[in-house]
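The values are calculated or read from the model by the stated rules, or taken from the named source; none is laboratory data. For clarity, every value in this text was computed on a predicted model and none was experimentally measured. Positions of Cβ are generated from backbone atoms using ideal geometry, with glycine treated the same way; all protein chains shown enter the neighbour counts.
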Amino acid sequence: MKYVLASKSPRRQELMKLISSDFVVVSEDINEESSYTLSPINAVEDIAKRKGEAVEKLYPNDLIISADTIVVLDDKIIGKPVNKVDAKRILKELSGKTHYVHTGFRIKYLSKEILTHVTSEVIFNQLSDELIDKYVASGSPLDKAGAYGVQDNDKYPIIKKVIGSIDNVIGFPVKEIKEAIEQIKK
């Protein structure tokens, strides 16, 4: 049995190394937009499940790990920005507010499956236009749900506080995924 990470995310791949150094990365594209009609929790779990299902056909005897992360403000899903203008809009919308980050993940091994989610609360600082402009110009927000990465906070102080798992805000709640893997291998 090998571990298969069904994700193109370089951040998930880095965090996966905290669980195992021996894994393969295989990712199939799926349409995530169709899940956004569901509630935020159901959407993120549905996307994680479909990402895993797309890969498990290729690796039927291996342990498949798939995940998806969404940012939710006032019950509205905030995805990845489509461009720099959109990233600025999203950051202005999150500025000074509290939002939630949900990561749905699925562990599948043979006939066993664990599908669940982790939620963290994120409180943003009040962001100046100058900070938003510098951060967006760096390019970092462009491939991230909510147009930000908690790992950028030292250089661009956008987050006041995270309540819950910081790994979850990055998109891969290591502790919870590790526990699910141990549980499914029993």
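Brief remarks follow.
- Given (1) under 26 Å from Leu115 (Cβ atoms); (2) at pLDDT 95 or above, number of the condition Gly149 does not satisfy: (2)
- Residue within the stretch 60-76 that is under 30 Å from Glu130 (Cα atoms), of a type outside the set (Phe, Trp, Tyr) and in a loop (DSSP other than H, G, I, E, B) present: yes
- Residue within the stretch 179-186 that is surrounded by fewer than 14 Cβ atoms within 10 Å (Cβ to Cβ) and touching a residue at least 60 places away in the same chain (Cβ under 8 Å) present: yes
- Scanning the stretch 125-138 for residues that are exposed (fewer than 12 other Cβ atoms within 10 Å of the Cβ) and under 11 Å from Leu91 (Cβ atoms) yields Ser128, Asp129.
- Evaluation of Pro141 against (1) surrounded by 16 or more Cβ atoms within 10 Å (Cβ to Cβ); (2) not in a helix (DSSP H, G or I) (one fails), failing number: (2)
- Within the stretch 47-59, considering residues that are in contact (Cβ under 8 Å) with a residue 24 or more places away in the chain and part of a loop (DSSP other than H, G, I, E, B), the one nearest to Val4 (Cα to Cα): Tyr59
- Considering only residues in the stretch 56-70 that are among the aliphatic types (A, V, I, L, M) and at pLDDT below 95, the one that is surrounded by the fewest Cβ atoms within 10 Å (Cβ to Cβ) turns out to be Leu58.
- Qualifying position, being within 18 Å of the chain's Cα centre (by Cα), modelled with pLDDT of 95 or more and not in a strand (DSSP E or B), among Lys134, Lys175: Lys175
- Taken over the stretch 144-165, the criterion of being in a helix (DSSP H, G or I), out of contact with any Lys or Arg (no Cβ under 6 Å at 6 or more places or on another chain), buried (at least 16 other Cβ atoms within 10 Å of the Cβ) and touching a residue at least 24 places away in the same chain (Cβ under 8 Å) is satisfied by Gly146, Ala147, Val150.
- Enumeration of residues in the stretch 93-116 that are part of a strand (DSSP E or B) and more than 20 Å from Lys175 (Cα to Cα): Thr98, His99
- Sub-9 Å Cβ pairs linking a first residue in the stretch 21-46 that is on the phi < 0 side of the Ramachandran plot to a second residue that is part of a helix (DSSP H, G or I) and among the hydroxyl-bearing types (Ser, Thr, Tyr), at least 6 apart or interchain, are Asn42/Ser35; Ala43/Ser35; Ala43/Tyr36; Ala43/Thr37; Val44/Ser35; Glu45/Ser35; Asp46/Ser34; Asp46/Ser35, ordered by first then second residue.
- Here the stretch 16-45 is the region considered, the condition is being crowded, with 20+ Cβ neighbours inside 10 Å and in contact with a Gly (Cβ under 9 Å, 6 or more places away or on another chain), and the residue that is nearest to Asp68 (Cα to Cα) is Val44.
- Scanning the stretch 117-131 for residues being part of a strand (DSSP E or B) and either within 20 Å of Val85 (Cα to Cα) or more than 20 Å from the chain's Cα centre (by Cα) (or both) gives a total of 1.
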